[in-house]
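Data first, discussion second: the structure below is written as structure tokens.
The values are calculated or read from the model by the stated rules, or taken from the named source; none is laboratory data. Treat the numbers as computed from the prediction; the structure is a model and nothing was measured. With ideal geometry, Cβ positions are generated from the backbone for all residues, glycine too; neighbour counts draw on all protein chains shown.
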Amino acid sequence: MLNVAGDLSGDSWGIFTFLCAALCNLPALPALNCTEELGAGQSIQKTYDLTRYLEHQLRTLAGTYLNYLGPPFNEPDFNPPRLARAERVPSATVDLDLWRGLTDNARLAANYRAYSRLLCYLRALEGPAGTAELRHRLGHFCSSLQGLVLSIAGVMSSLGYPLPVGGPSAPPGTPVPSNDFLKKMEDFWLLKELQTWLWRSAKDFNRLKKKVPPAVVTLRLEARGF
Amino acid sequence: MRWSVRRQLPAGKQPSALLVPSLGKGEGFLEAGGLRSRPGAKMANPVPSACCVVLAAVVVVYAQRHSQQESHIQYERVGADVTMKCGSMDWDAAVTWMANGTDIDASHLNGSYLILKNVNLTQSGQYSCYEGSSWHLKYQTHLRVGTPPKEPLLMCRSNNYPKGFYCSWHLPTPTYIPNSFNISVIHGTREMVCEKDVFPKNRCHIRYLQLFSTVKYKVTLTVTNALGKNSTTATFDEFAIVKPDPPESVVAKPVPNNPRRLEVSWQNPSSWPDPESFPLKFFLRYRPLILDQWQHVELSDGTSHTITDAYAGKEYIIQVAAKDNDIGTWSDWSVAVHATPWTEEPKHLTTEAQVTETTSASTSSFMPPPTTKICDKGAVVGSGAVAVCWTAGLVLAAYGVLFI
């Protein structure tokens, strides 16, 4: 079985990449099937570390991609109004008291759904992206993001929560951008949402860390989906 | 007899007390004095003329007082040319101008107009114009010389995340005249209200309605005074302005029987509302007073730390800073605390057997104070005694190897 326990080191990224490559062909995102004891607290810590790593990676990626989109998207003061349209990705923005009151399950599920969607849209960027270097960077980021999704799934499994159903497909009625500029605008907001989610997830997992005692060890064997 | 004096009141206001001169007939009321006429009584002859005299005197006094202009304030730019007219007096009237009670000589006058060229700040004050012969005050004004406002400096910061943030501002150079500030905060399509603080005055605060927003906040500050206006705008993301206050109650204590240790503890800043959900990480820096270079330690949790490589007997200066674990910037450094590691009492000679740490090869390169002669653990001694220390250390190491 795949051993996903262990210290977060350079080797783990390789494992994640392999995992991503293997699972990219599956129609639905699977649940983790672990025979190893996986402390929920440990998983949460690793997921937290992953969000920080991705946030760091995103800074470089976003800079490169926005330069590819060109002005005004790559200007630091660029502050466009949010066009009223169907939200592609669930927004990270939330009322403070609501966020505080989220159950662990709801918190994890919100993260899981958001990143699944974000991953799907990011993958769509890979094709038309300009240079080979940009495509490579996007691809690498997508792999890491896939790892994050799986990590969150792992945490949910180890805590006994069911994974949210529904594939990461575009919701019905999403308008297709009509022109090049609007398409670029959508890309811009996608990156913004991704950045905001990563920063929110750090706080989400901080909160989870406090609520789930690190010594909890759970043995969960779940086979689902295949 | 009923007395009354009509007083002119501002338009629109109803007189609350009307005293109208009357000669015994009609409505009236009692004035202080207790005069009361019997209805229908006949007035004596000298009384009506006395009435008239008094009435005339009252009217004259009133007219004189009322002929003065209301004192008002005039704002002018530094370097401008100011012309003051003496109220409604003609150009060729004979007048005297005074500035703050001092006569102004006629060279500044053009007829009855006062001309001040290229005014500077020292010329602010009260200017009065008196009619030449009667010395009646015809016109009075306060001249305030100042400048229009330069672009203000605006700073916004969240030291109480996730509750909200505050913005504070000031002018880079004084204008010398009163200024008013207006601040507006726009978040996406919504305009938020920034509540002004009582103290300090140039500050207002906002509560976050939502967290983790993708839309930036745009704060515009406009400063206006009688001579002009100016404004500045700051645009930022919610997480970019997070900067906690420095840690509080920093305490550094020596550790008994450990000449190289200092125990430092501190508390979360009291303005940080929720350290449980939004934990802080800390940065500690310390150095002996006699050195310039700081040593740094970053701590991801906990509010205490033990320094284990302090130079024995040296006074240390220690500071701590805080930062949200994930976002924002470091706080300013805390108040500095001083501490000296524990040192032995001078009369007790440390025996070699008690030395547990023989690694006295510290990385220091400075000259130690001449008083430290005892070769106890961790102490850096004068060059003459180093050889003795090393020998002692080697001997001890040899014993240790033999007996263990």
Subset tally (residues that are of a type outside the set (Lys, Arg) and in contact with a Ser or Thr (Cβ under 6 Å, 6 or more places away or on another chain)) for the range B:138-183: 16
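Considering the range B:174-202 alone, what residues qualify as being within 14 Å of chain A (Cβ to nearest Cβ) and not hydroxyl-bearing (Ser, Thr, Tyr)?
To start, the set of residues in the range B:174-202 that are within 14 Å of chain A (Cβ to nearest Cβ) comprises B:185-191.
Answer for the range B:174-202, where residues must be within 14 Å of chain A (Cβ to nearest Cβ) and not hydroxyl-bearing (Ser, Thr, Tyr): B:Val185, B:Ile186, B:His187, B:Gly188, B:Arg190, B:Glu191.
Every residue, every condition in (1) in contact (Cβ under 8 Å) with a residue 24 or more places away in the chain; (2) touching a Gly at 6+ places or on another chain (Cβ under 9 Å); (3) in a loop (DSSP other than H, G, I, E, B), yes or no:
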position	(1), (2), (3)
B:Glu276	no, no, yes
B:Phe283	yes, no, no
B:Arg287	yes, no, no
B:His296	no, no, no
B:Thr306	yes, no, no
B:Ala310	yes, yes, yes
B:Gln319	yes, no, no
Residues of the range B:162-173 satisfying the condition of being surrounded by 19 or more Cβ atoms within 10 Å (Cβ to Cβ) and more than 14 Å from every other protein chain (Cβ to nearest Cβ): B:Cys167, B:Trp169
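Please work out which residue is nearest to B:Leu154 (Cα to Cα), limiting yourself to the range B:227-239 and to residues that are away from every other protein chain (no Cβ under 14 Å) and within 23 Å of the chain's Cα centre (by Cα).
So in the range B:227-239, the residues away from every other protein chain (no Cβ under 14 Å) come out as B:227-231.
Then drop every residue that is not within 23 Å of the chain's Cα centre (by Cα), which leaves B:229-231.
On the way: B:Lys229: 15, B:Asn230: 12, B:Ser231: 10 Å.
Ranking the candidates gives B:Ser231 first.
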Test: residue in the range B:273-280 that is on the phi < 0 side of the Ramachandran plot, crowded, with 16+ Cβ neighbours inside 10 Å and more than 14 Å from every other protein chain (Cβ to nearest Cβ): no
Condition broken by B:Tyr75, with the remaining ones in (1) loosely packed, with under 10 Cβ neighbours inside 10 Å; (2) within 30 Å of B:Pro174 (Cα to Cα); (3) at pLDDT 80 or above satisfied: (1)
Test result for B:Val320, buried (at least 19 other Cβ atoms within 10 Å of the Cβ) and either modelled with pLDDT under 95 or within 33 Å of the chain's Cα centre (by Cα) (or both): yes
Number of positions in the range A:88-107 that are under 21 Å from A:Leu118 (Cα atoms), within 12 Å of chain B (Cβ to nearest Cβ) and in a helix (DSSP H, G or I): 2
Cβ pairs under 7 Å, 6+ apart, first in the range B:197-212 and closer than 30 Å to A:Asn111 by Cβ, second in a strand (DSSP E or B) and among the β-branched types (Val, Ile, Thr): B:Ile206/B:Val185; B:Gln210/A:Val94; B:Leu211/A:Val94; B:Phe212/A:Val94
Top-ranked residue of the range B:240-264 - restricted to ones that are aliphatic (A, V, I, L, M) and part of a strand (DSSP E or B), ranked as nearest to the chain's Cα centre (by Cα): B:Val242
Residues (within 16 Å of the chain's Cα centre (by Cα) and among the charged types (D, E, K, R)) located in the range A:96-119: A:Arg107, A:Arg113, A:Arg117
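Condition first: modelled with pLDDT under 90, at negative phi, within 14 Å of chain B (Cβ to nearest Cβ) and assigned to a loop (DSSP other than H, G, I, E, B). Can you find one or more residues in the range A:120-130 that meet it? Can you show your working first?
Let us first name the residues in the range A:120-130 that are modelled with pLDDT under 90, namely A:120-130.
Now drop any that are not at negative phi, which leaves A:120-130.
The next check asks that each one be within 14 Å of chain B (Cβ to nearest Cβ); those that pass are none.
No, that holds for no residue.
Can you find a residue in the range B:352-363 that is within 14 Å of chain A (Cβ to nearest Cβ), at pLDDT 50 or above, assigned to a loop (DSSP other than H, G, I, E, B) and surrounded by 12 or more Cβ atoms within 10 Å (Cβ to Cβ)? Steps first, answer last, please.
Let us first name the residues in the range B:352-363 that are within 14 Å of chain A (Cβ to nearest Cβ), namely none.
No.
Looking at A:Leu54, A:Leu50, A:Leu58, can you tell me which residue is out of contact with any Phe, Trp or Tyr (no Cβ under 8 Å at 6 or more places or on another chain), away from chain B (no Cβ under 11 Å), at pLDDT 90 or above and surrounded by 18 or more Cβ atoms within 10 Å (Cβ to Cβ)? Walk me through how you get there before you give the answer.
Details: A:Leu54 fails: out of contact with any Phe, Trp or Tyr (no Cβ under 8 Å at 6 or more places or on another chain); A:Leu58 fails: out of contact with any Phe, Trp or Tyr (no Cβ under 8 Å at 6 or more places or on another chain).
Checking each option against the conditions leaves just A:Leu50.
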Flag if B:Thr220 is of a type in the set (S, T, N, Q), farther than 24 Å from A:Glu193 by Cβ and in contact (Cβ under 8 Å) with a residue 60 or more places away in the chain: no
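Could you pull out the residue among B:Val215, B:Val219 that is of a type in the set (Val, Ile, Thr), in a strand (DSSP E or B) and within 14 Å of chain A (Cβ to nearest Cβ)? Break it down into steps so the answer makes sense when it comes.
Working: B:Val215 fails: in a strand (DSSP E or B).
The unique qualifying residue is B:Val219.
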Residue, modelled with the lowest pLDDT, within the range B:89-125, restricted to residues that are polar (S, T, N, Q) and surrounded by 14 or more Cβ atoms within 10 Å (Cβ to Cβ): B:Ser112
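Which of the residues spanning the range B:87-115 are among the polar types (S, T, N, Q) and on the phi > 0 side of the Ramachandran plot?
Taking the range B:87-115 and keeping what is among the polar types (S, T, N, Q), we get B:88, B:96, B:100, B:102, B:107, B:110, B:112.
Within the range B:87-115, just B:Asn100 meets the criteria.
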